[in-house]
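To keep things clear, I will list the structure first and then write my remarks on it.
The values are calculated or read from the model by the stated rules, or taken from the named source; none is laboratory data. Fair warning: this is a prediction, and the values are worked out from it, not measured in the lab. Positions of Cβ are generated from backbone atoms using ideal geometry, with glycine treated the same way; all protein chains shown enter the neighbour counts.
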């Protein structure tokens, strides 16, 4: 579905009920307030107040075998946040409640989920909404969108994000967009990522994937500074230009200026939490996650 027909389809989401501000969503909102407040001292985020989490795609094989055991292992390493990815959508509400109980018992949080584009469709948005409210999430992040052949396609995507954002606002959920490399490659001398930023509501989070930004030749620090308050979470994925390494390097082993990114994110970017993401490495998934977190703490001081 493309163009005006595609936009009309998304606008049909207006048929969703708006009376969902229930006790559950109130509790969800209440749970996020201390997190939002403690990250700021004199109006500025402080390094040691910003939670660090793991995008669970980093441990996808382990998560597939034992979701609860994997989340428990990640929490024991010292991660404060987890970001669930596409398989979470297959959960029933009781399964989501069981996972939320585990998160609460462990003292960790889920502030966002990664979603396939069809999860935002009229057939699936309500289930995604309900699961995110149960998990205590703040953001439904669109994890991927097929590259568009022209700027009009990217503008249509921005319109779609705005429509979904409006429909989720009554239950205090927000929309996010996660970049890959295509968003940084110019079309008619404009980058699609700039088009998305200019044509989405300020409430739409621009979740920065550092590795893919670097691979495409873009400057993540400049991007953060150009979009103040929009970069509320960052995927801390390193990258190396060496062909045999790429995304396989551990956090801190690539070419990323992490200190510059952290400084920009915390001074103007509006970052609320960081997420380690790893495509794979020379170590096992859990050992990779442990090593990346140790290096993060050594770097982010």
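Of all residues in region 79-102, those that are more than 19 Å from residue 57 (Cβ to Cβ) and surrounded by fewer than 14 Cβ atoms within 10 Å (Cβ to Cβ) total 4.
There is at least one residue in region 175-190 that is under 17 Å from the mean Cα position of the chain (by Cα) and farther than 23 Å from residue 270 by Cβ. Take the conditions in contact with a strand residue (DSSP E or B) (Cβ under 6 Å, 6 or more places away or on another chain) and not in a helix (DSSP H, G or I) and apply them to residue 161. Does it pass? Taking the combined requirement at face value, the residue does not satisfy it. Scanning region 226-239 for residues that are closer than 19 Å to residue 185 by Cα and either surrounded by fewer than 17 Cβ atoms within 10 Å (Cβ to Cβ) or out of contact with any helix residue (DSSP H, G or I) (no Cβ under 8 Å at 6 or more places or on another chain) (or both) gives a single hit, 226. Candidates in region 197-222 are the residues that are part of a helix (DSSP H, G or I) and in contact with a helix residue (DSSP H, G or I) (Cβ under 6 Å, 6 or more places away or on another chain); of these, the one that is surrounded by the fewest Cβ atoms within 10 Å (Cβ to Cβ) is 199. Taking the stated definitions as given, is residue 194 without any contact (Cβ under 8 Å) to a residue 24 or more places away in the chain and surrounded by fewer than 19 Cβ atoms within 10 Å (Cβ to Cβ)? Answer is yes for this residue. Taken together, the residues in region 65-78 that are more than 20 Å from the chain's Cα centre (by Cα) and assigned to a helix (DSSP H, G or I) amount to 7. Only residues that are surrounded by fewer than 18 Cβ atoms within 10 Å (Cβ to Cβ) and touching a residue at least 24 places away in the same chain (Cβ under 8 Å): list them for region 61-72, please. Within region 61-72, 61, 68, 72 qualify.
Here residue 249 does not qualify as surrounded by 19 or more Cβ atoms within 10 Å (Cβ to Cβ) and under 14 Å from residue 177 (Cα atoms).
Count of region 109-119 residues, restricted to those that are touching a residue at least 60 places away in the same chain (Cβ under 8 Å) and more than 12 Å from the chain's Cα centre (by Cα), is 1.
Criterion applied to 74, 81, 52 was being out of contact with any helix residue (DSSP H, G or I) (no Cβ under 7 Å at 6 or more places or on another chain), modelled with pLDDT of 95 or more and under 23 Å from residue 298 (Cβ atoms), and the one residue passing it is 81. When residues of region 79-106 are filtered for being within 23 Å of residue 235 (Cβ to Cβ) and not in a helix (DSSP H, G or I), how many remain? The total comes to 8.
Scanning region 121-146 for residues that are part of a helix (DSSP H, G or I), without any contact (Cβ under 8 Å) to a residue 60 or more places away in the chain and either under 17 Å from the mean Cα position of the chain (by Cα) or closer than 22 Å to residue 159 by Cβ (or both) yields a count of 4. Restricted to region 147-167, and to residues that are buried (at least 19 other Cβ atoms within 10 Å of the Cβ) and free of Cβ contacts under 8 Å to residues at least 40 places away in the same chain, which residue is farthest from residue 131 (Cα to Cα)? Restricting to residues being buried (at least 19 other Cβ atoms within 10 Å of the Cβ) and free of Cβ contacts under 8 Å to residues at least 40 places away in the same chain, the top hit is 157.
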